[in-house]
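This report concerns only the one structure given below.
Just so it is clear, none of the values below were taken in a lab; they were calculated from the coordinates. In this text, all values refer to a predicted model and were calculated from it rather than measured experimentally. Ideal geometry is used to build each Cβ from the backbone, glycine not excepted, and the neighbour counts take in all protein chains shown.
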Amino acid sequence: MNSENLLIHLAPKQGYNKVLDIGEYHMALTSFGVIQLSKGTSYQGITGEFEVALVLLGGKCAVKGKSFNFTEVGQRKNVFDGKPHTVYLPRRTEYEITAITDVDIAYNASPATRDTAKPCVITPEMTRELVIGRDNFQRLATIMLDETFDSEHFYIGEGMIPSGNWSGYPPHRHDVDNPPGEIDMEETYFYRFNPSQGFGIQKVYTADGKIDETYTVKNNDTVAIAEGYHPLCGAPGYEMYYLWTMCGKINRGLISAKDPEHSWVK
């Protein structure tokens, strides 16, 4: 994998907004996009040979299919207004999303070779919250879908980073399956800022220098991380949010290897 641009900009419009498909940016297991619907409008889809996780970034909607009808999903106005609702859909599932209010949804899809969990809603009360780090690299993580959930590939959560703080620190990677020390998982980071003109810095690098990238990330930007260490930080004065979607090839979990040069920082 040669060093290349892994930063994807997006200006979302009504309907489905593609960010990346499988095979792009060296991502073998991840498709990602944003669905935005104005109140009263609908979006229809079928998961096909993919499992799908719909993370409600903001607003309320109904999601229904042949065997399910979730009449009201979502409660927060935006990602800085509480924890998310997440709708999980297995492969070969037809669905329709109808916006009760204007609604903003992160769309995650990954190939499925088996039948996984039935369609369901993961409510804010079902999420798990972690405070990670200390000092100016302390942050809050909310985990919606982890290794205990019957998914083939997904491990999905949100990071909330206070003004000026770092995350993903000490720098870590999850590039090879070598449990219990490391699990091979590719990952996307999708960013929002409060106020919205905020920005952060994302680094992606490998020990051999094959990848050595530093990006300015802004509202609605995504970074595709197929491999490498990937620390980040937010600009002072701005609250930084990122949705992280990890897809494991064999295993799933928050198990990563620290960059040995910086692993002394506990």
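How about the range 131-230: which trypsin sites (Lys or Arg not before Pro) there are in a DSSP loop, with at most 12 other Cβ atoms within 10 Å of their Cβ? All intermediate terms of the calculation are to be shown ahead of the outcome.
Working: sites: R134, R139, R173, R192, K203, K210, K218; in loops: R134, K210, K218.
Qualifying residues, ordered by number: R134, K210.
Treating only the Cβ atoms of Lys and Arg (+1) and Asp and Glu (-1) as charged, compute the dipole magnitude of the chain about its Cα centre; round to the nearest 20 debye.
Details: 25 positive and 34 negative charges, 167 e Å.
The dipole of the chain has a size of about 800 debye.
Where in the range 27-108 are there GluC sites (Glu not before Pro) that are in a DSSP coil and have at most 16 other Cβ atoms within 10 angstrom of their Cβ? Display every interim value, and only then the final one.
Numbers: sites: E49, E51, E72, E94, E96; in loops: E49.
Filter output for the range 27-108: E49.
In the range 1-79, what is the volume of the convex hull around the alpha carbon atoms, normalised per residue and reported in Å³?
On the way: hull volume 9.1 nm³, N = 79.
Spelled out: Cα convex hull of the range 1-79, divided by residues, is 116 Å³.
Out of L37, T216, F193, whose Cα points farthest toward the positive end of the dipole of the range 7-258 (charges: +1 Lys, Arg; -1 Asp, Glu; placed on Cβ)?
The listed residue farthest towards the positive side: L37.
Hey, what did the range 172-252 get for relative contact order, percent, Cα under 8 Å, at least 6 apart? List each step's numbers first, then the result.
Values: 183 pairs, mean separation 34.4, N = 81.
42 percent.
Please say if the range 1-134 is rounded, prolate or oblate, where rounded means a/c under 1.5 for a ≥ b ≥ c the square roots of the C-alpha gyration tensor eigenvalues, and otherwise the choice is prolate for a/b larger than b/c and oblate otherwise? Present the calculation step by step, with values, prior to reporting the outcome.
Numbers: a/c = 1.36, a/b = 1.19, b/c = 1.14.
Here the range 1-134 falls in the rounded category.
Do any trypsin sites (Lys or Arg not before Pro) in the range 21-111 lie in a DSSP loop with no more than 13 other beta carbon atoms within 10 Å, and if so, which? Numbers along the way, then the final one.
Numbers: sites: K39, K60, K64, K66, R76, K77, R91, R92; in loops: K39, K60, K66, R76, K77, R91, R92.
Hits after loop and neighbour filter: K39, K66, R92.
Take every Cα-Cα distance within the range 107-251, group them into 10 Å bins from 0 onward, and report for each bin the whole-number percent of pairs it holds.
Final binned percentages: 11, 39, 36, 13, 1.
With a ≥ b ≥ c the root eigenvalues of the C-alpha gyration tensor of the range 177-257, is it rounded (a/c under 1.5), prolate (a/b larger than b/c) or oblate?
Working: a/c = 2.57, a/b = 1.76, b/c = 1.46.
Verdict is prolate for the range 177-257.
How high is the relative contact order of the chain, in percent, counting Cα pairs under 8 Å that sit 6 or more residues apart? Write out the running numbers ahead of the final one.
Numbers: 746 pairs, mean separation 53.4, N = 266.
With pairs under 8 Å counted, the relative contact order is 20 percent.
By count of other Cβ within 10 Å, fewest leading, how are Y43, Y191 ordered? Mind showing how you got there, number by number?
On the way: Y43 20, Y191 25.
Least to most surrounded, the residues fall as Y43, Y191.
Once you place label points 7 Å from the Cα toward the Cβ at E129 and S163, how far apart are they in nm?
Using points 7 Å along Cα→Cβ, the separation is 2.1 nm.
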